[in-house]
Structure formats: structure tokens, C-alpha cells
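The values are calculated or read from the model by the stated rules, or taken from the named source; none is laboratory data. As the structure is a prediction and not an experimental result, all values here were calculated from the model. Virtual Cβ from ideal backbone geometry, glycine too; neighbours counted across all protein chains shown.
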Amino acid sequence: MSQRKLIYLKFKRNRLAVVGSILLSSFVICAIFADYLAPYDPLQADLADNLAPPSSAHILGTDELGRDVLSRIIHGARISLRLGVISVGTALVFGVIIGASAGYYGGTLDQVTMRAVDIVLSFPTMLMAIMIVAILGPGLTNAMLAVGISLIPEYTRLTRSTFLYLRELDFVQAAKMVGASDARIIFRHILPNSVSPLIVQSTLNIATAILSAAALGFLGLGAQPPLPEWGAMLSRGRIYLMVAFHVTLYPGLAIVISVLSLNMIGDGLRDALDPRMT
Amino acid sequence: MLRYALRRILMTIPTVLVASAIVFLMLRFIPGDPALLMAGEDANPEVVQSLRRQWGLEEPLPIQYLVFLKNVFEGNFGFSIRSGLPVSYEISLRLPHTILLSLIAMTLSIALGLFVGIVSSTRPYSLVDNVSMFFALVGVSAPVFWTGLMLMWVFAVKLGWLPAVGVGSLAHLVLPSITLIGFTTPVLARQTRSCMLEVLRQDYVRTARSKGLSERAIVYGHAVRNALIPVITVAGISFGRLLGGSIITESVFAYPGIGKLLIDGIFARDYPIIQGVVLVYALVFTLLNILVDLTYVYVDPRIHYE
Amino acid sequence: MTTTEKKSNMKYIGLGVVILIVLVGAYFLTTPQPTPPTPTTATTRTTAPAAPTTLTISMGMEPPTLDPQKCTGMPNLGIIRLITETLVDAHYQTGELLPNLVERWDSSPDATTWTLYLRQGVKFHDGTPFNATAVKFTLERVLDPKVGGATASAYSMIKSIEIKDTYTAVIKTTPNAPFMRLLWYGPSAIVSPTQVQKLGADFAKQLVGTGPYKLVEHVRGSHIKLVANKDYWGEKPKIDTIIVKPITEAGARLMALEAGEVDFVYAVPPADIPRLEKNPNVRMVPGMPTRAMHAMLNTKWGPLQDKRVRQALNYAVDKNVINERIFRGRAEVMDSLINNRSFGYFKAGPYPYDPAKAKQLLKEAGYPDGFEVTIRYGKGRWLMGDEVVEALQSYLTAVGVKAKIEALEWAANQAKNALPVEKTDAQISFGGLGGVTLDADRSLNELTKAAWPPQGLEPMFYENSKYDELYFLARVTIDVEKRKQLYKEAIQIAWEDAPRIFLYFEPQLYAARKTVHDVYVRHDETIWVKASWVEVKGASKAASLFQLLPIWKKDPP
């Protein structure tokens, strides 16, 4: 049985991972087909009907400006997933390039890179993101940038240690002796083997990115009104905690469930890719 | 060991310096005259001029940085635009609150996380394990501000048992602490469990078992000791999570710590405050990391004999 | 010791350390509670109780400075007026002018000469005697461009202030019938000349005045503490300490009120009123909606230079729905520049909700696809401000004007509003103007060219010479009917020019704990505590003990 098939079967056996996959697929579908799935325009305000509790017309009720909560949550999925993928993607690309160079070439490059990583890591990630937004100003793109930048060190470290480890292995040494160029070694030999920890890490990082961006949105530093970002929705609904609980409850649940599904999948992938677990 | 400790501390000095340089540069990145940014847009021109002199804003950038360092060493972080009071004073008013909250949350969540992690790992895939790991998973996935709001809703609004915002009594600490603990414990529990499982699988554990040692002795004597190293690493990382989470928690509960000061400062465009608080956080975090490294020394026999 | 035992020991030590830290921390952080009184007979009384009482007030923002000539924001001025006093006072219900630091006054029939007979034997908190010198000093300070108060233009009718003798001051003005009302307006609160001369520009940090309360401390971002002035010349204050706490977030403010941490709050969100009315510990304190809330349009910027665009924005917003849904009907839709209780009111509007017309006007003005604009405002000051601005954004976007929101802390926003026309970045600024003097003279002043920031509060930079002409003529007209006619014409011009998006008059909703008696808020949002007293708090406020059991349950909402 091929390696891939083995991994797939192991993953399938993990019930949580499967549930996570199903949940995530629903979110992805919401994100892609938001325009068709959402019953109302998420930005369409109908002030005359604000703070309406869940009803047959509005399944999850309306928010403080009369916008349909369900539609906003569905469109929010698009914002959050897009945000997660882009920030993690950016961090991945930069982090891997830097980490691979440090791990492969070693020496001064490695020392300098690790120092830089240490310095960036001397700020807690959330603080780093807040700092970047404080400089650039609040907004969704800036939040994406901030979250992305705060994730780069992790990828750098991970890639570097993977490369350090793989570099010493026999098949790499063999390729070197045969005279293969560095680029060939990196791209054909090392990189494919370092993919699995990166996949696991990325899945978990998308979850973290969504949480961080939601936190920024909650503080008012991320997505700005009227964008239906889940964190910002929570922050607006906060003063209605006592009279219209649904405005806070549902966006929060959306965050929890989407992040949970990603974490379940990440865990499942980690266990499936672990050669020691049967 | 002392030499190692000293070496470790010395190694962080350049890191701290560069981190402070980043904070210093922060203000220079924002479009606009740094002196006006520090004084407030409608400030008296004399005030602006004196700020220019005090922070050496007319000198080239590297000299500015040295002036900045000198000021910081003297405890002069500038003056808050909002209040006109020294930033160091504003911070000193609120730092105790943050420390208290963070200390409580960290101690309790380390204790709880370790406990749950160890217990779960000794009974893998049992009901206890599955249930606690599921809760840990949910805990890791829930945004800290949402848990905070939900707790506030249940205990302060609906039941009225606890105050929702501010400080003034032990009761005010409960909800923010629980929120923070709920934020950091799951990570620790999960990591402890996976590290412990890793260790318990090892050959020497099997050897110990076959030698007839009690399960308890194995777990506490061998497994925990060896699992501690990666766990301490995670504890160190979760300090960062804790600090970040405390900023948000303080906002949710209007708890007057430096996190709330930072957020208020951002909305007031109070750059001296922003700079000062960020610096404090970076310093505290670095100190915590040093602490973590020193704990390694205590725990890891390999370093012991270096 | 084996490792196992070492670990258990460590656990105990750790636990012990934690408990110790928590106890020590709690001791230092617990605010000292007033010592419980010796038990007395009735809880309701007509004379002040013997034990020291505290009134804690909370509003959504705090004074950026305590200098009465420079501070803006009426609730802030209300706090300042507890320390420094104005020459005349106004009854909190009728608005009728009452003697205060002035015992009586005479005005010449042509309304140009005002003779003030000052109260004798009054001292500032720093011992300086109150007299005509202080009056002259203060009023000159109001007008002094170097001091830079934003209300200078409202007092520009003053020509001179003369000291006739120690306790008589004579003010000469251009003819201005309602002038005495301006001597009640907060920025004219009398400061001690010796203090200002001694301490210079920062004197307000230790502000002294003639008022019933003395300033103890002002910790920015935390609180202001005032203590009763035992040597006050008037009715001795019955409350010993007043603490003012800014809590920006309305929900947090209300929670503090319901928990008993705060006794009186400003700006209660209407959605919470039904719940508060059911709470046995709390009561609503009503006020008069005289504050005009509007979005100021920078008439020198981009598309807003065109009158049609500004009118379009007025047609684009449904003010009735804002009133109904955000304010539960408690606001009043704006139909003029001033509220209908003020002298000079004339019903000019309101602009009906007509998005089709708005789009048509935009098209005529050359913006068929709309344009982009930023709405800026200060947080915490305006009741439901965040919601109204978001609603504005959505109404504007619906007609094609893509609006971005910039939310700043209140003082930062005020600072931006104070920038002159060549430095300003204002496009649309949401804010309000109180109908403080109940007379058109004060409110209509903001639309004159003389009131462009920094001499005024609103970044509209509106320029209409006919309006200015009418306004200044009305100022010097004595004949009541003629004045009304002039104001009518001025209002009509400004209404049509639409330098603002006219929205609503803000409902003044305050709430207090039932232990607080006779606290009122005047229609200018300044707090009135002359006869207020607070019931003594007994053992039920056990806030320093850890409440594990539901000793007292809140009513379910």
C-alpha cells in the first residue's frame, strides 16, 4: 500500500478529524458560494427591524442595524478563511525561504537568521500584531499583514530544524557526492520530505490566524464596519449582551466551530503523518 | 550552572537592545513628525520644541536611538498625550493589576494543565482522557474574548454573582482570571499529554516497568522529569499566549491593567504610551523566557554537567 | 527526599505562594470602603447623615483639562462647575436665571451696559478673595486668543470689563439682549487670578475656585476626586466626596451602576431602560433633549463643496427610523438648527427620507457613482454614537457615497476638530452642540465665519456672508419680534445650505441608584448637586469580601 494511501486511511479512522473535515468543508462552501447561500445582503441595513430575535424571516435574527445575522456569518466565513489562507500563505513562503536557507547553508546566515527570529519572538505574537496595526492603522488588510508577519518566525524555525535534520541524512549526502546542485538537492530531495510538518503546522496556523484576526477585529483594530468579520460583529453586539444575546452568540460560535474544525484536522493530520502511530 | 545562567542572560542583551530598537523605530514609521506625534496635534509649539530637544529628534537616527536608550534607562518614557503625566507613572499605576492577574492565571493554569495532561497520559484513550482532551481542543479553539463575554453574561448579567468590570475586590478578579485560565490551560494540557505519551512509550519506561517499579514511581520519577523539558518549552510559549490574552481580557472586563492602557492609547493616538507599554511587555516577556531557560538548567541533567 | 516527595512538596509550596500573593494583592488593590456608621434610626432623612458619604458619577469621557476656559464637553464643564462657579446660575428645571456669585444685576435699556453687584465675603479655595478683579481677569481670559478657548467667539460681544469698585463690575457689550445667559455658560466660570498668575498654563491641574467642592486629584484615565468645601459661601454641600470615573463603554457603565460601584451615570442606552426600570435599586433621571446631534460637513472639501451634495446627504438618511430603532423614540428628529425650547426657534425641516432624490441630486452635482468619504467621531461621548455612525455609513453607502469610519478617543477627536482650515483633515465629523443657553445666539454662532476652528468647535468652515450679516444683526437687536424674524431668515438660509447632516436632538438619559437623592441634570448636561445627598451605605455592600454565594441576586432582565 502506498505511503499516501496509508496516511489517508489513518486519517479517516480518526473520528474527530473526519468531523473536522466535514465542518471545514461546510465553511469553505459558505466562503466560496456566500453570494448564493446567504438569504440576504450582509450589508443591507434595515434599521426599522434591528435587534430582532431569531425568527422564520431571519433564522439567526438581526443585528443592531437590522442586518441578517446568518447572512453576515456566511459572508464572514469568506473573510475569515481568506484572511487565514493569505496570512498563513505569506508567512509560509517567507518563513520557508528564510528557514530553508538558514538550515541548509548554516554558518553565519544561520546565526543571523536565528538571532532575528529570536528578536521578533521576544514580542508575544498578539502584541506584535497589535504593534503592526498601531503603526499601519486599523483595517482588514493591515490585520492580515500583521498576523502574517507574526507567524513568520514559527515557519522559519520549523523549516530550519527540518532542513538541519534532513541535510545530514544519507540520501542527501549521496546526492551531494554525486554532484547535484544545491537547488536540485533542496527542491527534489529535502523539500518534499519536509512537507508534512509544514502541512500540519499550516492547518493549525490558519486556525490561529483566524483567532488573532478576530481578536484584532474585536478590539476595533482589524476589519472595520460594515464588514461582516466575526470578531468585529462580536464587538458591536457586546453592548446588547443583555437585550439581544444572539448578536454575540452566533458569530462567536462561528469562530469556535471553524477554528475547532481546523484544529481537529490539524491534529488528525499530525497523528496520521506520524510514522510511529499505527 | 551559574556560568550557564550568566551566559544565557548576557546572550539576551543584544536581543533586548534590538527589540528596543524596533520599538524605537515604530514611532518613526508612522507618517508625520515624531515630535508632533508625541506631543499631540494641537500642542503648544514650545512643548513640541522641547520634546525635540529632549529626544534628540533633530539628530541623525542612530544618535536618536542612543538618546532614546538613555531616556529609557533613566525611566523617562515620555509624557502621555492624553493625561500629560509621565508614561512611567501611568504604567506603574496599572502594572500591578496586570501582574496580579497574570500571576494568578499562569500559576493556576500551569498546575491545572500539568495535572490534566499527566492524568490523561496515564490513561490514554479512556473516558477521562477523551473528555478532557475534547474540552482542551474546544478551549484552544475558542477566542478569549468570546469566553470572557459568555462568562460575563452568565455570571454577571444573568446570575449577578460577580461584578462584570473593573477592580476593587477579590470578586473582580474571578471572571478575568477564569477567562485567562481557560485560554492557556488547554494548550498546556494537550502538550503535556503528548510529551508524556512520548516518554511513556520509551524503552527505558518499559524496562522500569518490567523491573517491577510501581506505576506511580515511573510516572512521577521518570516520565514527568523527562517530559518536563518540552513541556517547559510550551509553558514558555504559553507565556506569550498569556500576555496576548491578558491584553484582550483586560479590554473585555475593563480591567485597568497595562493591556487596557495600550488599547486606549492606540485609540487616543497616544504614541508615548504605546511605545512605553510595548517596551514593558517585551522586557517582561524576555525576562520570562530567561526564567524558562534557567528552569531548563535545573531540570535537564545534561546541561547540569556542562 | 525522593523525586516524588520533592514534587509534592513543591506543589504545596507553590500553592502557598499563590495564596499569599493573591491575598497580598487583594489587600493592596481593594479600594478602601467608607467605615460603616454607628447605627441610627431611619434610613430616609431630611437632614444630612453624620457619616461621610460619597457620590460616584460615571460618564463616557473625561475632561481633557479642568481649565474652564479651555475645556469642552458639557458634562465635563458640569464637573468643573462643582469647583469653580459662574456668575449666575440657572434653575435646573425652568432654566430661569438665578443669582450666584452675582447678587443682583442691572442692565441698561439698550442692552449694552451690564452692572454686576458681586457677592461679598467669598473666597477661592486658595484664600484669594473673590472680587471684581477676578471677574475681569476671567472674562478677559475667555476672550484671549493666546489662551485659545474654543468658545471665544461666543463671547465676542464683550467690548470691555471695568472694575467700578471691589465688588462691582461693569461689562460693556454691543447690544445683546440675552447676554446674562452667557454668564451662566460654563466657560465663564471664575478662576483665581493669583493661581493662574502663579502657576501659569498648568494651573488647572490644581484648579481652585469658589465652588462647593475642592479638587483633590485628577488622575487621567482613572478618576477625578473632589471633596466638600467646608467654607463654601452658600448652602453647605451634603455629600462629602464626589468621584468622577470615565467608563467609555455604555454597557460597562451600566453594569457598574447596577453593581453599586457607581451611583450616577450619563448616557443610558435606551435599549436598557426597561431593564433598569425593573431594577429596585436604580431609577431613571430624565433630562431635556436640547442637544443638537449632526454630522458636520467640511464645506471646503471635495464633493462637499457643492450644496446639492450636502442636501443629498440629508435626504439619504432616515432620521425617523434612527429615532425609533436606536433611541426607542426618545430622541427628537431635528427640524431646525436649534431645539424648539430655545428662543429663536423656527421650524425649517426636517429633510424627509428620500434616497431617490438624494441620488438624483448627486447625479446633478456630477457624482452619479457617488464618492468616497470618511466619517470621524469621538467615542464614549455621544449616546449610541457608534450605532448612529454605523447607521449613517450604511445610509450613505446605499446612495453610492462609500463612507469609511474613523473612531477616535474623544479628546483626540476634539484635538482634530480644533485644527484650522489649512491643516484640517475633516471630511464628515459626527458630533453635537448643546442648546445650552436656550437662546439661538449661542448655537447659531457656530455657523459664522468667526467661529471657524480653532475659534469654534465645528469643522464646517461654512461661509455665507448673508447668514453672518443676519446673525450679527440679531445679536444687537433688542426688539424681541425683530430678533425672531432675523433668526428665522438666518435659519432658513443655513438649513438650505446644509453644512451639516441634520439628525436629531439627543435624549438625555441618566440613571441613579436609589440611595442617591435630589441629583439632577440641567438641560445643558451639567450636574446639579446643590441639595443632593446620599444614603449611608450599610453592611450590605460587602464588596471587599469574596462573594461565592449569591448573597443578593439581580433581577432577571
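Among the numbered criteria (1) within 14 Å of chain B (Cβ to nearest Cβ); (2) in a helix (DSSP H, G or I); (3) small (G, A, S), which one does A:G222 miss?
(2)
Across the range C:263-282, which residue is farthest from C:E506 (Cα to Cα) among those that are outside any loop (DSSP other than H, G, I, E, B) and touching a Leu at 6+ places or on another chain (Cβ under 6 Å)? If you could, list the steps in order and put the result at the bottom.
Residues of the range C:263-282 outside any loop (DSSP other than H, G, I, E, B): C:264-265, C:270-278, C:282.
Then keep just the ones that are touching a Leu at 6+ places or on another chain (Cβ under 6 Å); that gives C:265, C:272, C:282.
Details: C:V265: 16, C:D272: 16, C:V282: 22 Å.
The extreme case among them is C:V282.
Can you pull out the residues in the range A:238-249 that are surrounded by 23 or more Cβ atoms within 10 Å (Cβ to Cβ) and either under 17 Å from C:P274 (Cβ atoms) or more than 8 Å from every other protein chain (Cβ to nearest Cβ) (or both)?
Listed by number, the residues that qualify are A:I239, A:V247.
Quick one: is B:Y65 assigned to a helix (DSSP H, G or I), away from chain C (no Cβ under 12 Å) and either among the aromatic types (F, W, Y) or in contact (Cβ under 8 Å) with a residue 24 or more places away in the chain (or both)? Break it down into steps so the answer makes sense when it comes.
Values: assigned to a helix (DSSP H, G or I): yes; away from chain C (no Cβ under 12 Å): yes; either among the aromatic types (F, W, Y) or in contact (Cβ under 8 Å) with a residue 24 or more places away in the chain (or both): yes.
Here the answer is yes, as B:Y65 does meet what is asked.
Say whether the condition of being surrounded by fewer than 17 Cβ atoms within 10 Å (Cβ to Cβ) and in contact with a helix residue (DSSP H, G or I) (Cβ under 9 Å, 6 or more places away or on another chain) is met by at least one residue in the range C:286-299.
First, pick out the residues of the range C:286-299 that are surrounded by fewer than 17 Cβ atoms within 10 Å (Cβ to Cβ): C:286.
Of the ones still in play, those that are also in contact with a helix residue (DSSP H, G or I) (Cβ under 9 Å, 6 or more places away or on another chain) are none.
No, the range C:286-299 has no match at all.
Quick one: which helices (runs of 4 or more DSSP H) lie wholly within the range B:81-165 and hold at least 3 residues that are within 30 Å of C:Q414 (Cβ to Cβ)? Step through it out loud before you land on a result.
Values: elements: B:87-122, B:127-141, B:144-151.
Once the helices (runs of 4 or more DSSP H) in the range B:81-165 are filtered for at least 3 residues that are within 30 Å of C:Q414 (Cβ to Cβ), what remains is B:87-122.
Condition check: within 14 Å of chain B (Cβ to nearest Cβ) and touching a helix residue (DSSP H, G or I) at 6+ places or on another chain (Cβ under 6 Å). Does C:P459 satisfy that?
Numbers: within 14 Å of chain B (Cβ to nearest Cβ): yes; touching a helix residue (DSSP H, G or I) at 6+ places or on another chain (Cβ under 6 Å): yes.
It is true that C:P459 is within 14 Å of chain B (Cβ to nearest Cβ) and touching a helix residue (DSSP H, G or I) at 6+ places or on another chain (Cβ under 6 Å).
Which residue, of A:F163, A:F123, A:F171, is within 14 Å of chain B (Cβ to nearest Cβ), of a type in the set (F, W, Y) and touching a helix residue (DSSP H, G or I) at 6+ places or on another chain (Cβ under 9 Å)? Quick ask: steps written out before the conclusion?
Details: A:F163 fails: within 14 Å of chain B (Cβ to nearest Cβ); A:F171 fails: within 14 Å of chain B (Cβ to nearest Cβ).
The match here is A:F123.
Specify the residue that is nearest to B:P256 (Cα to Cα); the eligible residues are those in the range C:231-241 that are buried (at least 17 other Cβ atoms within 10 Å of the Cβ) and in contact (Cβ under 8 Å) with a residue 60 or more places away in the chain. Even if it seems obvious, please write down each step before you answer.
The initial filter retains those residues of the range C:231-241 that are buried (at least 17 other Cβ atoms within 10 Å of the Cβ), namely C:232-233, C:237-241.
Those still in the list that are in contact (Cβ under 8 Å) with a residue 60 or more places away in the chain too: C:233, C:237-241.
On the way: C:W233: 38, C:P237: 31, C:K238: 31, C:I239: 27, C:D240: 26, C:T241: 22 Å.
Across the range C:231-241, the extreme among qualifying residues is C:T241.
Being surrounded by fewer than 20 Cβ atoms within 10 Å (Cβ to Cβ) and either modelled with pLDDT of 90 or more or in contact with a strand residue (DSSP E or B) (Cβ under 6 Å, 6 or more places away or on another chain) (or both), is that true of even one residue in the range B:167-183?
The answer is yes; a qualifying residue exists.
If a residue has to be touching a residue at least 12 places away in the same chain (Cβ under 8 Å) and under 26 Å from C:E324 (Cβ atoms) to count, how many in the range C:259-290 make the cut?
Qualifying residue count for the region: 22.
Among the residues of the range C:473-493, which ones are surrounded by fewer than 23 Cβ atoms within 10 Å (Cβ to Cβ), in contact (Cβ under 8 Å) with a residue 24 or more places away in the chain and under 28 Å from C:V309 (Cα atoms)?
Of everything in the range C:473-493, those that are surrounded by fewer than 23 Cβ atoms within 10 Å (Cβ to Cβ), in contact (Cβ under 8 Å) with a residue 24 or more places away in the chain and under 28 Å from C:V309 (Cα atoms) turn out to be C:K488, C:Q492, C:I493.
Please go through the range B:86-130 and pick out each residue that is within 17 Å of B:L188 (Cα to Cα), among the hydroxyl-bearing types (S, T, Y) and within 14 Å of the chain's Cα centre (by Cα). Break it down into steps so the answer makes sense when it comes.
First pass over the range B:86-130, keeping only residues within 17 Å of B:L188 (Cα to Cα): B:102-122, B:124, B:128-130.
The next check asks that each one be among the hydroxyl-bearing types (S, T, Y); those that pass are B:102, B:107, B:109, B:120-122.
Correct list: B:S102, B:T107, B:S109.
Scan the range B:125-146 and tell me whether some residue there is polar (S, T, N, Q) and either within 14 Å of chain C (Cβ to nearest Cβ) or in contact with a Lys or Arg (Cβ under 7 Å, 6 or more places away or on another chain) (or both).
We begin by selecting, within the range B:125-146, every residue polar (S, T, N, Q); these are B:126, B:130, B:132, B:141.
Imposing the further condition that a residue be either within 14 Å of chain C (Cβ to nearest Cβ) or in contact with a Lys or Arg (Cβ under 7 Å, 6 or more places away or on another chain) (or both) reduces the set to none.
Checking the range B:125-146: not a single residue is polar (S, T, N, Q) and either within 14 Å of chain C (Cβ to nearest Cβ) or in contact with a Lys or Arg (Cβ under 7 Å, 6 or more places away or on another chain) (or both).
Does any residue in the range B:149-160 that is under 16 Å from B:S251 (Cβ atoms) and within 10 Å of chain C (Cβ to nearest Cβ) come within less than 8 Å, Cβ to Cβ, of a residue that is surrounded by fewer than 20 Cβ atoms within 10 Å (Cβ to Cβ) and not aromatic (F, W, Y) six or more places away or on a different chain, and which pairs are these?
Here the result reads none, with nothing in the range B:149-160 linked to a residue that is surrounded by fewer than 20 Cβ atoms within 10 Å (Cβ to Cβ) and not aromatic (F, W, Y).
What tally of residues in the range C:117-143 results from selecting those that are without any contact (Cβ under 8 Å) to a residue 60 or more places away in the chain and either aromatic (F, W, Y) or on the phi < 0 side of the Ramachandran plot (or both)? Talk me through it step by step, then tell me what you get.
Kept after step one, since they are without any contact (Cβ under 8 Å) to a residue 60 or more places away in the chain, are these residues of the range C:117-143: C:117-118, C:120, C:127, C:129, C:131-132, C:134-137, C:139-140, C:143.
Next cut, either aromatic (F, W, Y) or on the phi < 0 side of the Ramachandran plot (or both) only: C:117-118, C:120, C:129, C:131-132, C:134-137, C:139-140, C:143.
Final tally of qualifying residues: 13.
Can you tell me how many residues in the range B:236-248 are farther than 17 Å from B:S141 by Cβ and among the polar types (S, T, N, Q)? Show your work before the answer.
Taking the range B:236-248 as the starting set, the residues that turn out to be farther than 17 Å from B:S141 by Cβ are B:236-237, B:239-240, B:242-243, B:246-247.
Now drop any that are not among the polar types (S, T, N, Q), which leaves B:246.
Total meeting the criteria: 1.
Please work out which one of (1) at pLDDT below 75; (2) outside any helix (DSSP H, G or I); (3) not basic (K, R) is the condition B:P256 fails and give its number.
With respect to (1) at pLDDT below 75; (2) outside any helix (DSSP H, G or I); (3) not basic (K, R), B:P256 is out only on (1).
C:P99 passes all but one of (1) in contact with an Asp or Glu (Cβ under 8 Å, 6 or more places away or on another chain); (2) over 30 Å from C:R341 (Cβ atoms); which number fails?
Of everything listed in (1) in contact with an Asp or Glu (Cβ under 8 Å, 6 or more places away or on another chain); (2) over 30 Å from C:R341 (Cβ atoms), C:P99 misses just condition (2).
Any residue in the range C:430-451 that is without any contact (Cβ under 8 Å) to a residue 40 or more places away in the chain sitting within a Cβ distance under 9 Å of a residue that is surrounded by fewer than 23 Cβ atoms within 10 Å (Cβ to Cβ) and of a type in the set (G, A, S)? List the pairs, counting only those 6 or more apart or interchain.
C:E446/C:S153; C:K449/C:S465
When you scan the range C:216-230, do you find a residue that is crowded, with 16+ Cβ neighbours inside 10 Å, at pLDDT 90 or above, out of contact with any helix residue (DSSP H, G or I) (no Cβ under 8 Å at 6 or more places or on another chain) and not in a strand (DSSP E or B), even just one?
Yes, some residue in the range C:216-230 is crowded, with 16+ Cβ neighbours inside 10 Å, at pLDDT 90 or above, out of contact with any helix residue (DSSP H, G or I) (no Cβ under 8 Å at 6 or more places or on another chain) and not in a strand (DSSP E or B).
Which residues, counting only those in the range C:184-206, are within 14 Å of another protein chain (Cβ to nearest Cβ), surrounded by 18 or more Cβ atoms within 10 Å (Cβ to Cβ) and closer than 23 Å to C:V529 by Cβ?
Across the range C:184-206, the qualifying residue is only C:A204.
With hydrophobic (A, V, I, L, M, F, W, C) and under 15 Å from the mean Cα position of the chain (by Cα) as the only criterion, which of B:L200, B:L173, B:L188 stands out? Full working, then the answer.
Working: B:L200 fails: under 15 Å from the mean Cα position of the chain (by Cα); B:L173 fails: under 15 Å from the mean Cα position of the chain (by Cα).
Going through B:L200, B:L173, B:L188 in turn, just one is hydrophobic (A, V, I, L, M, F, W, C) and under 15 Å from the mean Cα position of the chain (by Cα): B:L188.
Within the group A:S212, A:S202, A:S235, A:S196, which residue is within 25 Å of B:K260 (Cα to Cα) and either away from chain C (no Cβ under 14 Å) or in contact (Cβ under 8 Å) with a residue 60 or more places away in the chain (or both)?
Values: A:S202 fails: within 25 Å of B:K260 (Cα to Cα); A:S235 fails: either away from chain C (no Cβ under 14 Å) or in contact (Cβ under 8 Å) with a residue 60 or more places away in the chain (or both); A:S196 fails: within 25 Å of B:K260 (Cα to Cα).
The unique qualifying residue is A:S212.
What about B:S169, is it more than 10 Å from every other protein chain (Cβ to nearest Cβ) and either in contact with a Phe, Trp or Tyr (Cβ under 7 Å, 6 or more places away or on another chain) or not hydrophobic (A, V, I, L, M, F, W, C) (or both)? Working first, answer last.
Values: more than 10 Å from every other protein chain (Cβ to nearest Cβ): no; either in contact with a Phe, Trp or Tyr (Cβ under 7 Å, 6 or more places away or on another chain) or not hydrophobic (A, V, I, L, M, F, W, C) (or both): yes.
Taking the combined requirement at face value, the residue does not satisfy it.
Out of A:V256, A:V247, I need the residue that is of a type outside the set (K, R), within 30 Å of C:P269 (Cα to Cα) and touching a residue at least 40 places away in the same chain (Cβ under 8 Å). Which one? Please lay out each step first, then the result.
Values: A:V256 fails: touching a residue at least 40 places away in the same chain (Cβ under 8 Å).
Matching residue, one of A:V256, A:V247: A:V247.
At least 2 residues that are within 26 Å of A:I32 (Cβ to Cβ) and polar (S, T, N, Q) in each: list the helices (runs of 4 or more DSSP H) lying fully within the range A:55-154 that qualify. I'd like the intermediate steps shown before the answer.
Working: elements: A:69-105, A:107-121, A:125-136.
Helices (runs of 4 or more DSSP H) meeting the threshold: A:69-105.
Just for strands (runs of 3 or more DSSP E) wholly inside the range C:350-446: which have at least 1 residues that are within 14 Å of chain B (Cβ to nearest Cβ)?
Numbers: elements: C:372-379, C:402-409, C:428-433.
Ranges flagged: C:372-379, C:402-409.
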